[in-house]
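Nothing in this text is a laboratory measurement; each read-out follows from the coordinates by a stated rule. This one's a predicted model, so the numbers in the text were calculated from it and none came from an experiment. All Cβ positions, glycine included, derive from the backbone under ideal geometry; neighbour counts span all protein chains shown.
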Amino acid sequence: MINKILIANRGEIAVRILRACKDLGIQTVAVHSTADAEAMSVRLADESVCIGPPQPRESYLNIPSIISAACITGADAIHPGFGFLSENATFAHMVEEHGLVFIGPKADHIAMMGDKIMAKKTIARLGLPTVPGSEGAVTSIDKALHQMDEIEYPVLIKAAGGGGGRGMKVARSKADFAEAYETAKREAGISFGNDRVYLEKYLERPRHIEFQIIADKHGNAVHLGERDCSLQRRNQKVWEEAPSTVLTPEFRDEFGQKIAKSMAELGYVGVGTLEFLYENNQLFFIEMNTRIQVEHPITEMITGIDIIREQILVADGQKLSITQDDISFKGHAIECRINSENPKTFIPSAGTVSNYHCPGGPGIRVDSAIYDGCKIPPYYDSLIAKLIVHANDREQCLARLRRALRECVIEGVDTLIPLHIELADDANVINADFDIHFLEKLYNLY
Ligand code: ADP
């Protein structure tokens, strides 16, 4: 039985996990770097432990410090949130070795899905469609060029260990291939310590559509529908919606159940997201995230399910409290990521929040850890708040979103609020007529 959870993260996700723990009557331990001593998660947790200096590798990525903090405080489980150590199989393994529960999947599944080549092979073996591409890693330009006869240009050279939208290079023709390949391989080695790369057909106008799943240790797995995360900059999401406007209820049901069945077959436990690209009425798998995702709240809004609560309960060995038949989808939800970034250049902005007013009213949820006078340190991800809006349909959801965005005040740092206001008023966005390149074209980010 889990009685005390150490939250190995910071910012809004640490507060979100803390809230789920409080609702379950579970004690909480916040860990923090010296830069985050005044953080909201530290203020709200039952206990807190400083785990090191500001640089992530010395604090939020410092495995011995985090496990020691759990042992000292008598925590019986660790929730990794997202980012940092959440998809680190060694960490998951070490947590379990210390007799603690890792709130996430088995280390083997984290490792399997963390290697994108192995992930694609596994998903293809389970009978789900994947983006056409090379059979495994490509080890030389000659071998790659040989495979290109089948894949056709443009092609994307992707890092097996990639993440965060990094480690991808497009080659539009045979003439660009060698340079793109060498650059991708070199950058992958430097960024991920793993220079294995693979090839994928570069889709010109796809949408990003992902399915949320959750599975328990008793062989039960359900899907919670999909999210459309096509509005991205530099391959990173800034606006997400659920449900997507392109899948029919029948397609969602059939495809979702196929995914849930595959996850049960794999013996997967915990929450997970299977990401697909959608083009010509077809979904093609690109990768799986074996952790809670930033955009999980929109699924919570349309299903009424507290995903982090379920995640904790299944990690504790309990059976899923819901069956597929219990799950239905109500209305429409949109999440805007409010990053502390310049809304035109996306350059991160650090500083002190000097004036904060949080929007409210029907259908509005704000997941954040900021408060008046809080510091936004320069060392971490720039996500400072998520505005999540729910309504009976998409049109009403957009109307509520426009209202909420204009009510929201965050001064002292740049934020993406002006970008979201523009998007909520954009004719293409209103008509849901966009693909993954829409935002970059709008802002000339190429
Ligand atoms: P990461 O792990 O870095 O997030 P993903 O494989 O999930 O990498 O891809 C991130 C984004 O990159 C996708 O949402 C999509 O916008 C773009 N992308 C990935 N693969 C392709 C592809 N084959 N064709 C076109 N765009 C792609």
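Taking a ≥ b ≥ c as the square roots of the Cα gyration tensor eigenvalues, with a/c under 1.5 meaning rounded and otherwise prolate when a/b beats b/c, else oblate, which class fits the stretch 73-232?
prolate
What shape does the stretch 132-201 have by the C-alpha gyration tensor, where a ≥ b ≥ c are the square roots of the eigenvalues, rounded means a/c under 1.5, and otherwise prolate means a/b greater than b/c and oblate the rest? Prolate is the answer for the stretch 132-201, as a/c is 1.5 or above and a/b outweighs b/c. Projecting the Cα atoms of 398, 37, 133 onto the charge dipole of the chain (Cβ charges, centred on the Cα centre) puts 37 farthest toward the positive pole. Were the residues from residue 411 through residue 330 laid out at 0.36 nm apart, the gain over their Cα-Cα distance would be 25.7 nm. By the beta-carbon count within 10 Å of each Cβ, the least crowded to most crowded order of 176, 195, fewest first, is 176, 195.
Share of Cα-Cα pairs in the chain beyond 36 Å, in percent?
Summing the P(r) of the chain above 36 Å gives 25 percent of all pairs.
Between residue 444 and residue 182, the modelled labels are 3.1 nm apart [label points 7 Å from Cα along Cα→Cβ].
The simple Förster model, with R0 at 56 Å and r as the Cβ-Cβ distance, assigns residue 347 and residue 261 a FRET efficiency of 0.80.
The relative contact order of the chain, computed from alpha carbon pairs under 8 Å that lie at least 6 residues apart in sequence, is 14 percent. The shape of the stretch 363-446 comes out oblate: with a ≥ b ≥ c from the C-alpha gyration tensor, a/c is at least 1.5 while a/b does not beat b/c. For the stretch 11-84, the share of alpha carbon pairs falling in successive 5 Å distance bins from zero is 3, 17, 29, 30, 17, 3, 1 percent. Exposed loop sites here are GluC sites (Glu not before Pro) assigned a DSSP state other than H, G, I, E or B and surrounded by at most 15 other beta carbons within 10 Å; excluding them, the longest clear run of the chain is 205-446.
Summary of the geometry: the stretch 243-318 and the stretch 185-240, compared by the centres of their Cα atoms, lie 12 Å apart. With the helix formula -39500 (n - 2.57) applied to DSSP H stretches of n ≥ 4, the chain reaches a computed 222 nm mean residue ellipticity of -10000 deg cm²/dmol. In this simple spin-label approximation, residue 354 and residue 34 carry label points 7 Å from Cα along the Cα→Cβ vector, and these lie 2.8 nm apart.
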